[in-house]
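Accompanying notes for the structure given below.
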Amino acid sequence: MRPLDPLTLPLDGRRLLEASAGTGKTYTLALLFVRLLLERGLAIDQILVVTFTRAATAELRDRIRTRLREALDVLHGRRDADPLLLRLLTALPAARSRQRLEDALVRMDEA
């Protein structure tokens, strides 16, 4: 089995991420969410992420919001990024990415 690369995983169709605790599922989902916003130009209300419990849903929502804020901070030069996020952000137009991230953060409560 080959390791999952969240930057090359196709964004069309349905995907099931299944792994043991502590393996980075939430990290991967949050990065895929950012990709859908930035690469596909989808709005918050066009992305569906499903998990199994209310607690897990709340945690995932918080982690996605944190990831969006982190990406925006990186684009504004206010912090460093982890290598995967940096690869994603440097491959896309910064101005458009900033606008999409700002819009997503404002609309996050609609998710």
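General observations
- Accessible-area ranking of 86, 31, 36, largest first, probe 1.4 Å: 86, 36, 31
- Inter-label distance, residue 69 to residue 96: 2.7 nm, where each label sits 7 Å from its Cα along the C-beta direction.
- Answer label, with Rg/Rh (Cα atoms, Kirkwood Rh) calculated from the coordinates and candidates [x] 0.98; [y] 1.04; [z] 0.94: [z]
- Taking 88, 17, 68 in turn, the Gaussian network model of the chain (Cα-Cα springs below 10 Å) assigns the largest fluctuation to 17.
- Ordered from largest to smallest accessible area (heavy atoms of protein chains, 1.4 Å probe), the residues 90, 57, 23, 28 come out as 90, 23, 57, 28.
- Degrees between helix 25-39 axis and first principal axis of the chain (Cα, 0 to 90, nearest 10): 40 degrees
- Highest to lowest packing among 7-13, 71-77, scored as the average C-beta count within 10 Å: 71-77, 7-13
- The stretch 93-109 - phi-based ³J(HN,Hα) in whole Hz, Karplus 6.51/-1.76/1.60, Gly and Pro as x: x, 4, 4, 5, 5, 4, 4, 5, 5, 4, 4, 5, 5, 5, 8, 4, 5
- Probe 1.4 Å, accessible area per residue of the chain, Å²: 67 Å²
- Surface composition of the stretch 14-111: carbon and sulfur atoms hold 50% of the protein heavy-atom accessible area at a 1.4 Å probe.
- The stretch 67-74 - phi-based ³J(HN,Hα) in whole Hz, Karplus 6.51/-1.76/1.60, Gly and Pro as x: 5, 4, 4, 4, 4, 5, 4, 5
The values are calculated or read from the model by the stated rules, or taken from the named source; none is laboratory data. This one's a predicted model, so the numbers in the text were calculated from it and none came from an experiment. Here the Cβ is made from the backbone with ideal geometry for all residues, glycine too, and neighbour counts use every protein chain on show. Keep in mind that these areas ignore ligands, DNA and RNA; they rest on the heavy atoms of the full protein, side chains included. Shrake-Rupley method; radii C 1.70, N 1.55, O 1.52, S 1.80 Å.
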